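The values are calculated or read from the model by the stated rules, or taken from the named source; none is laboratory data. These numbers come from a predicted model, not from an experiment. Positions of Cβ are generated from backbone atoms using ideal geometry, with glycine treated the same way; all protein chains shown enter the neighbour counts.
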Amino acid sequence: MITGGNRGSLMPEGPRAAIAATLVALALSPCALAADPAKVIRYGLEAAETTLDPHKVSDLYSNYLISAIFDAPLDYDYLHRPPKLRPSATSIPVISADGLTYTMQVKPGIFFADDPAFGGRKRELTAEDFVYSFKRILDPKLSSPMLGEMEGVVAGTDEALARARKDNRLDYDRPIEGLTALDRYTFQVKLSKPSGTFIFNLADCRFACVVAREVVEKHGNDIGAHPVGTGPYRLTFWKRSSKLVLEANPGFREEFFTGTPAPGDTEAEAILAAMQGRRLPQVGKFEVYIVEESQPRWLAFLNEDLDVMYRVPEDFATMAVPLGKLNANLARRGVGMARVPALDLTFAYFNMDDPVVGGYTPEKVALRRAISLGYNTADEVAIVRKNQAIVAHTPYSPGVAGYVAGFRSSATAYDVPRARALLDLFGYLDRNGDGYRELPDGAPLSIENNSTPNARDIQLDELWKRCMDEIGIRMTFRKSRFPDLLKESDAGKLQMWRLGGAAAAPDADTWLTTLYGPNEGFKSNRSRFKLAAYDRLYEQAKVMQDSPERTRLYQEMARLIFAYMPIKVNTHRIHTDLWHPWVKGFRRPLVDGNSWWKYVDVDVAASPVGGGKSPR
C-alpha cells in the first residue's frame, strides 16, 4: 500500500504538495488498495502439511497452502452459495458440442513470483505452462494422487502413460493428443469421452494449478519445498510441521474484489458492499502454525494469538457456541461466528487387500458389516463431536449433486444384536471364553485401527474400543502423525484408518471416485476396493451430466458400498468458524480446499499485531 509518508521527504520541494495530494487520493481509493505488510493474519492448522508441490498433495491441510500460492484456470465465487465456478487464471472454457474439447484463454499479464530459476527476468504465464503442468500428473516418478482424473480421461494419456511406465520417465516434449497449446495464450484439453464432472478439476489446485518448468527442473525432487506460483501469496519461511509464513506476492496481477451473492444472502451482500472494488490481496502476511492439539489452538484464539479459528475444535464447541449461539463473552468481544454444514464425510476404511479385514468372501464381508453395525455413530456425534456433525447415511454429503435426502440403508444402523448374530453365523466365535472372538479357523482375531495422537482421536479410540468390546472384537490402536499415516496409506500398509474427506467438487463423484477400482492406492482409493459391478456403474455415471438417471446410478453404487463395506461411513461435520473483530470479510468456502486468504482484510489499528502493538 502506498502511504505517502517517508517517500515524500525524498522528493524535490516544488512538486511535493501535488504528489502528496495524489498519494492521499490513491490511499483513499478502494481500487488502489494493495496488500499492506502491517496487515497480518495468524491461524493454526490441526495437522502438519505434507508437501507444497500441488501435483503431489492429497491432504486438505497442504491444499489450503498451495491454493494461496498457485493459480488454477478456474475457482469458485467467494460469495455465492451453492458453489459457482468463475474464471481465475483463464477464461471459462468453451466446451465443444460433443462435450470433449475444452478451450481456454490464459489472461495476459500474469507473472510467476520471482525465482532464481528465471535468471533475473520476469516470467509470464503462458498456455504451454498449463500443458506442462497437466503432463506432470502423468509422470510415474511423481505418483500424483490426481492421476485417476487424467489417466484414460484425457485423450492420448493411456499411450503416454504406457511409454512413461516402460521408460520410467515421462518425455515432456512429446506431444499428447489431448493437451495442446494453440498459441501463446490459448490451450485445449480434449477428453476421450464426455464427463459431467471434469470441469470441476479445473478449479482443483491439486489437478490444475500451474507450475513453471524451469523451477521444477532446477529443484528436482525437492520441488515440494520450493513452491513458485502465480497466486496472491508466496512462501517466505518454512519450519516443517511447525510454522509457515506466506507474504503477499508483489507481482500479483491486478485483481479486484467482486462476487455474486445468491438472492437473500444478506451476509454475502454485506461483505460485497464493504469490499467491492478493493485491490486483492489485502492482507500482507499469513502466519500459519501447526497446532495439532485442540486445547492449545483454542486457547491461542482466546488469547488473541490466533486471529481466525478455522473450525472450532469439537471438544470446545459447547463452550464457544452453546445451543448453536455464540458465547456471550465472545459476542461482547466482537468475535464473528458462522456455522456451515460441511461438504464432507468422515469414515473409516478397511484395507481390502488385508488378510484379516479384506476380501470379498461372505465371512470377510460379514466381519466388516458387523463392525459397522457395532459402532455407535450417534455417540460419536453427541459425545466426541459435541453435536458438530450429523450421522451419515450416504457415502457422499448433503448439498452435492446426486444427494437425495431420505436415502437410507440398514447397513448404516447401530444394531449390536444384528452384529453379534452376523459374527456368530459366519464362525467368529469366542472359543476360549476370554470375551473376544477368534477367526472362523480358530486363529486369533485382532484389528489394528490407526489414528493420530490428538485428543479428539484418543476419544474416538475409546469409543471404538468400547463398541468393539461389546460385540467381542479385539481392536488395538496405533498412533502416528498424520503425514506419516498418509505415506503408509499410500503404500497400502494400514489395516484400518479413520479419515475425513472434504469435497473437491460439489458433486457426489468427489467421494465415489475414491472407491473406483483403477484408482486404488495413491490415486485416492485407499481401501483398494475392486468390484467390477461398482466400476461399471461408476464408468456409466462418469460420462453423464447431473440428472435423475445419474443420481439413480449413484444410489446403486452406494448400495454396493454398504453391501461390501470397504468403508464405514460415520458423519458429515458442521464447521463453526470464529474470527476476531479486526478480521473483515471472512467467509468459509464450501469447497473447503479453496483459499479465502486474498479476500479478507484486517483493521490494522484494532489488530494486536497492527500498528506496532504486541500480541496479548
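Worth a mention:
- Of Gly152, Gly148, all but one fail to be at positive phi, surrounded by fewer than 23 Cβ atoms within 10 Å (Cβ to Cβ) and of a type in the set (Gly, Ala, Ser); the exception is Gly152.
- Restricting attention to segment 561-608, the residues that are part of a loop (DSSP other than H, G, I, E, B), over 22 Å from Arg311 (Cβ atoms) and either touching a residue at least 24 places away in the same chain (Cβ under 8 Å) or polar (S, T, N, Q) (or both) add up to 4.
- Filter pass, Leu299 being within 24 Å of His575 (Cα to Cα) and aliphatic (A, V, I, L, M): yes
- Scan of segment 391-435 for residues that are buried (at least 18 other Cβ atoms within 10 Å of the Cβ), touching a strand residue (DSSP E or B) at 6+ places or on another chain (Cβ under 6 Å) and either not assigned by TED's automatic domain parsing to the domain that holds Thr510 or not polar (S, T, N, Q) (or both), ordered by number: Ala392, Pro395, Val400, Ala401
- Residue that is surrounded by the most Cβ atoms within 10 Å (Cβ to Cβ), among those in segment 297-349 that are small (Gly, Ala, Ser) and under 30 Å from Ile561 (Cα atoms): Ala342
- Within segment 108-145, the set of residues being among the hydrophobic types (A, V, I, L, M, F, W, C), part of a helix (DSSP H, G or I) and within 21 Å of Leu235 (Cα to Cα) comprises Ala117, Phe118.
- Residues of segment 512-569 classified as surrounded by fewer than 20 Cβ atoms within 10 Å (Cβ to Cβ), among the basic types (Lys, Arg) and either closer than 19 Å to Ala401 by Cα or not assigned by TED's automatic domain parsing to the domain that holds Lys487 (or both), total: 2
- Qualifying residue in segment 491-498 (condition: on the phi > 0 side of the Ramachandran plot and not hydrophobic (A, V, I, L, M, F, W, C)): yes
- Matching residues, segment 410-457, being part of a helix (DSSP H, G or I) and among the acidic types (Asp, Glu): Asp424, Asp457
- Hits in segment 345-396 - residues which are assigned to a helix (DSSP H, G or I), in contact (Cβ under 8 Å) with a residue 60 or more places away in the chain, out of contact with any Leu (no Cβ under 8 Å at 6 or more places or on another chain) and hydrophobic (A, V, I, L, M, F, W, C): Val365, Ile371, Val381
- Top-ranked residue in segment 86-125 [being among the β-branched types (Val, Ile, Thr) and touching a Ser or Thr at 6+ places or on another chain (Cβ under 9 Å); ranked as farthest from Asn249 (Cα to Cα)]: Ile95
- Residue within segment 422-429 that is touching a residue at least 40 places away in the same chain (Cβ under 8 Å) and either of a type in the set (Val, Ile, Thr) or within 24 Å of Met319 (Cβ to Cβ) (or both) present: no
- Residue in segment 365-373 that is within 27 Å of the chain's Cα centre (by Cα), on the phi < 0 side of the Ramachandran plot, surrounded by fewer than 21 Cβ atoms within 10 Å (Cβ to Cβ) and modelled with pLDDT of 95 or more present: no
- Residue in segment 203-222 that is under 18 Å from Pro145 (Cβ atoms), of a type outside the set (Lys, Arg) and either surrounded by fewer than 19 Cβ atoms within 10 Å (Cβ to Cβ) or not assigned by TED's automatic domain parsing to the domain that holds Ser96 (or both) present: yes
- Tallying residues that are basic (Lys, Arg) and touching a helix residue (DSSP H, G or I) at 6+ places or on another chain (Cβ under 9 Å) within segment 74-94 yields 1.
Per-residue answers, yes or no, for (1) basic (Lys, Arg); (2) under 27 Å from Phe111 (Cα atoms); (3) buried (at least 21 other Cβ atoms within 10 Å of the Cβ):
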residue	(1), (2), (3)
Ala160	no, no, yes
Asp167	no, no, no
Arg184	yes, yes, no
Phe187	no, yes, yes
Thr197	no, no, yes
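- Residue check for Gly501: on the phi > 0 side of the Ramachandran plot and either small (Gly, Ala, Ser) or part of a strand (DSSP E or B) (or both): no
- The criterion of at least 3 residues that are within 23 Å of Ser88 (Cα to Cα) and touching a residue at least 24 places away in the same chain (Cβ under 8 Å) is met by the following helices (runs of 4 or more DSSP H) wholly inside segment 255-320: 266-275.
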